[in-house]
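Structure, as structure tokens:
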Amino acid sequence: MNPLVSVEWLHQHLGQPQLRIVDCRFSLQDPMAGRRAYQAGHIPGAIFLDLEQDLCGPVRPDRKGGRHPLPTPEALAKTLGRAGIGNEHFVVAYDEPPAGGMYAPHLWWLLRWLGHDQVAVLDGGIKAWKEAGYEVSTLAVEYPTISFRAHPRPEMVVDAEAVAQRPPGTILIDSRAPERYRGEVEPIDPVAGHIPGAINRNWLDSLDALGRFKPAEAQAARFAGLEGEVIAYCGSGVSATANVLALELIGKPARLYAGSWSDWVSDNSRPVAKGEE
């Protein structure tokens, strides 16, 4: 299934009973910004799910699991059911690219992790929706609670031990900005640098200047020469999902190190590298 849908497609399918639209906007610097943006105007029929309150598990005091730990499949299934999302629904996730373009792919990945393939990201997000001249709504949307049955795919995710013991030839992709990868700056986590052996493919490079995902041939060029199993990570397991989606566009599966850098540096005994690849 194509991981992307266009704003034209979504506009044509608005109001269909099997459709669920999810506003995923969020800001790491201002956690309430996404909710305020939803209240100010969202795609008609969209519900809002918050990254930290709805789509993550609790942060542990020892920071193991990272800044945005995966929820348990059971907890996420309950959240989806309370939001009115069931196994029969086709889910379209959107955010506000380019800088905020990592949150919809995160929901796309989470649903596929739960075994739900009927999900896509709105290419270009709400920015493209508005630029197409389509209306937004300020009406809050609620659906009746429904049952969502999770069928987890544990093979889609890896932990720190699996990363540390990855077989030779495994491609480990750091999805953060190059300066964070090189360890020159670290605005969020307590340690700067990257996991030894990782290469850098900034997730933002998966998008074009308009905030849409680049076509498959451009994604293939970004990941040219990368043969073998791929594991992607970022700061906390969110932005790396944009690279996972980009790899999906060229038919190359990738697993997610969900805890990512924030989990890796929660253990001071783990090695850290700095500088270029």
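The values are calculated or read from the model by the stated rules, or taken from the named source; none is laboratory data. In this text the structure is predicted, and so the values were computed from the model without any measurement. In this analysis, Cβ positions are derived from the backbone assuming ideal geometry, glycine residues included, and neighbour counts consider all displayed protein chains.
Below is a table of values for the structure above.
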{"quantity": "Residue check for residue 62: of a type outside the set (Val, Ile, Thr) and surrounded by fewer than 21 Cβ atoms within 10 Å (Cβ to Cβ)", "calculated": "yes"}
{"quantity": "Any hit, the stretch 224-238, residues being of a type in the set (Ser, Thr, Tyr), under 23 Å from residue 1 (Cα atoms) and either free of Cβ contacts under 8 Å to residues at least 40 places away in the same chain or outside any strand (DSSP E or B) (or both)", "calculated": "no"}
{"quantity": "Some residue of the stretch 193-204 being part of a helix (DSSP H, G or I) and touching a Pro at 6+ places or on another chain (Cβ under 7 Å)", "calculated": "yes"}
{"quantity": "Hits in the stretch 126-150 (condition: surrounded by 14 or more Cβ atoms within 10 Å (Cβ to Cβ) and without any contact (Cβ under 8 Å) to a residue 60 or more places away in the chain)", "calculated": "130"}
{"quantity": "Given (1) modelled with pLDDT under 95; (2) among the small types (Gly, Ala, Ser); (3) closer than 16 Å to residue 45 by Cα, number of the condition residue 125 does not satisfy", "calculated": "(1)"}
{"quantity": "Selection from the stretch 154-183 of residues that are touching a residue at least 24 places away in the same chain (Cβ under 8 Å) and either more than 21 Å from residue 238 (Cβ to Cβ) or loosely packed, with under 13 Cβ neighbours inside 10 Å (or both)", "calculated": "155, 164, 166, 167, 169, 170"}
{"quantity": "Residue match in the stretch 135-144 (condition: modelled with pLDDT of 95 or more, more than 18 Å from residue 97 (Cβ to Cβ) and part of a helix (DSSP H, G or I))", "calculated": "no"}
{"quantity": "Test for residue 242: is it in contact (Cβ under 8 Å) with a residue 60 or more places away in the chain, buried (at least 16 other Cβ atoms within 10 Å of the Cβ) and within 13 Å of the chain's Cα centre (by Cα)", "calculated": "yes"}
{"quantity": "All positions within the stretch 8-58 that are more than 22 Å from the chain's Cα centre (by Cα) and charged (D, E, K, R)", "calculated": "8"}
{"quantity": "Residue check for residue 20: farther than 28 Å from residue 253 by Cβ, charged (D, E, K, R) and outside the structural domain of residue 235 (by TED's automatic domain parsing)", "calculated": "no"}
